[in-house]
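Novice: Here it is, the structure in full.
The values are calculated or read from the model by the stated rules, or taken from the named source; none is laboratory data. What you see is a predicted model, and the numbers here were worked out from it, not measured in a lab. As a convention, Cβ positions derive from the backbone with ideal geometry for all residues, glycine included, and neighbour counts pool all protein chains shown. We work out accessible area using only protein heavy atoms, side chains counted, and drop any ligands, DNA or RNA first. Shrake-Rupley method; radii C 1.70, N 1.55, O 1.52, S 1.80 Å.
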Amino acid sequence: MRVMLAQPRGFCAGVIRAIDIVEQALAKFGAPVYVRHEIVHNRHVVDALRAKGARFVEHLSEVPMGAITIFSAHGVARHVEDEAKAQGLRVLDATCPLVAKVHGQGRRYVAQGRVVILVGHAGHPEVEGTMGQIEGPALLVQTERDVDALDLDPDTPVAYITQTTLSVDDARAVITALKRRFSDIVGPDIDQICYATQNRQSAVRALARIADVILVVGAKNSSNSNRLREIGVEAGVPSYLIADGGELDASWVLHAAVVGITAGASAPEELVDDVIAALRRLGPVEVSVLPGIEEKVEFRLPAELLHAPRKAAGSR
Ligand code: SF4
């Protein structure tokens with residue numbers, strides 16, 4: 001069996017930064033540090049950080065007064081920031097800078113007197129955070145049908161912004177529908193949707209041209225991983241989202257000459273290795289990497305973390 005790995009795959013700069021923030025906070029301030037929501041959507045990552053002393057909570061009410069608290073890469077709503085302030089928490093913000101950029105776009109459009117329309121998936125923490133960062137009229141649409149259902153006059157000044165992990169094609173279709181519906185509409189170029197999302201989606205499309213089956217390594221609640229699987233399916237290749245090698249079903253790859261593997265932005269490379277190891281248990285495997293974009297994006301850590309002195313050994 002030939003295994004072809006997509007390039008790029010796996011961790012993006014926002015995820016690397018978020019994990020780094022938790023690890024460095026543990027090193028500098030000592031355990032426990034509190035993390036609101038899963039730092040990134042991957043159980044293996046969360047479990048590894050938990051073992052080092054991170055405590056994951058869904059609500060700030062679970063965090064003791066004054067404790068070190070980290071906001072996840074998905075970002076948070078204004079009211080969460082306010083709650084943290086009221087509780088005197090020492091916040092380290094791991095919101096991906098590209099998500100924070102979307103927050104800024106939304107606020108700017110509201111200041112221009114526009115109704116902001118966020119293209120995204122209801123219930124996703126990034127969407128809740130972005131909607132909660134915009135203090136003004138903001139609406140959420142997910143599909144072209146949602147655009148038709150918007151109760152707004154066609155002359156209303158509107159602006160669109162997007163969730164960072166959407167399928168670029170789906171987002172483009174919804175934005176086209178918005179442009180058809182409204183005469184006074186502005187918004188960023190579709191190319192400005194996160195670089196990592198675009199690169200991983202292009203890579204899975206390339207993979208689909210040569211693979212008989214695609215395995216996407218990622219968590220069920222990872223938005224960008226789900227999009228990768230959908231893109232594989234849309235390209236006509238049976239595609240499966242699996243957390244690790246333990247979830248591999250031998251029947252998926254039984255008749256496949258080429259098995260394509262990619263990984264969502266929050267899935268560590270060791271889980272890709274785990275899936276390859278599971279394939280090896282079925283028979284001989286030859287692994288190669290499909291040529292693709294080499295990413296060099298890096299995001300800086302928050303200044304308050306960079307400048308904090310390292311905890312003295314033995315101190316608490
Ligand atoms: S997928 Fe993009 S927006 Fe999301 S964390 Fe990674 S770099 Fe940031």
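Novice: Restricting to segment 66-94, count the residues that are polar (S, T, N, Q) and either near the ligand (Cβ under 9 Å from one of its atoms) or open to solvent by 20 Å² or more (accessible area, probe 1.4 Å) (or both).
Specialist: Residues in segment 66-94 being polar (S, T, N, Q) and either near the ligand (Cβ under 9 Å from one of its atoms) or open to solvent by 20 Å² or more (accessible area, probe 1.4 Å) (or both): 1 in total.
Residue-by-condition table, conditions (1) open to solvent by 50 Å² or more (accessible area, probe 1.4 Å); (2) in contact with a Lys or Arg (Cβ under 7 Å, 6 or more places away or on another chain); (3) at pLDDT 95 or above; (4) closer than 20 Å to Pro125 by Cβ:
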| position | (1), (2), (3), (4) |
| --- | --- |
| Phe11 | yes, no, yes, yes |
| Ile16 | yes, no, yes, yes |
| Asp20 | yes, no, yes, yes |
| Leu26 | no, yes, yes, no |
| Val45 | no, no, yes, yes |
| Leu49 | no, no, yes, yes |
| Arg55 | yes, no, yes, yes |
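Novice: For segment 86-127, give me each residue that is free of Cβ contacts under 8 Å to residues at least 12 places away in the same chain and charged (D, E, K, R).
Specialist: Listed by number, the residues that qualify are Lys101, Arg108.
Novice: OK, next. Name the pairs: first residue in segment 1-28 and of a type in the set (Val, Ile, Thr), second residue assigned to a helix (DSSP H, G or I) and open to solvent by 30 Å² or more (accessible area, probe 1.4 Å), Cβ to Cβ under 9 Å, at least 6 apart or on different chains?
Specialist: Ile19/Ala48; Val22/Lys52
Novice: Still on this structure, please answer the following. Of the numbered conditions (1) within 15 Å of the ligand (Cβ to nearest atom); (2) on the phi > 0 side of the Ramachandran plot, Gly113 fails exactly one; give the number of that condition.
Specialist: Tallying (1) within 15 Å of the ligand (Cβ to nearest atom); (2) on the phi > 0 side of the Ramachandran plot, Gly113 fails exactly one: (1).
Novice: Looking at segment 243-255, can you tell me whether even one residue there is farther than 22 Å from Ser167 by Cβ and within 15 Å of the ligand (Cβ to nearest atom)?
Specialist: The answer is no; no qualifying residue exists.
Novice: Scan segment 1-45 residue by residue and report those that are within 16 Å of the ligand (Cβ to nearest atom), among the acidic types (Asp, Glu) and either over 13 Å from the mean Cα position of the chain (by Cα) or in a helix (DSSP H, G or I) (or both).
Specialist: Asp20
Novice: Another question, if that's okay. Any idea which of Thr130, Thr197 is free of Cβ contacts under 8 Å to residues at least 60 places away in the same chain and in a helix (DSSP H, G or I)?
Specialist: Details: Thr197 fails: free of Cβ contacts under 8 Å to residues at least 60 places away in the same chain.
Criteria check complete, one pass: Thr130.
Novice: Would you mind telling me which numbered condition in (1) among the small types (Gly, Ala, Ser); (2) surrounded by fewer than 19 Cβ atoms within 10 Å (Cβ to Cβ); (3) under 16 Å from Gly187 (Cβ atoms) Gly123 fails?
Specialist: Failing condition for Gly123: (3).
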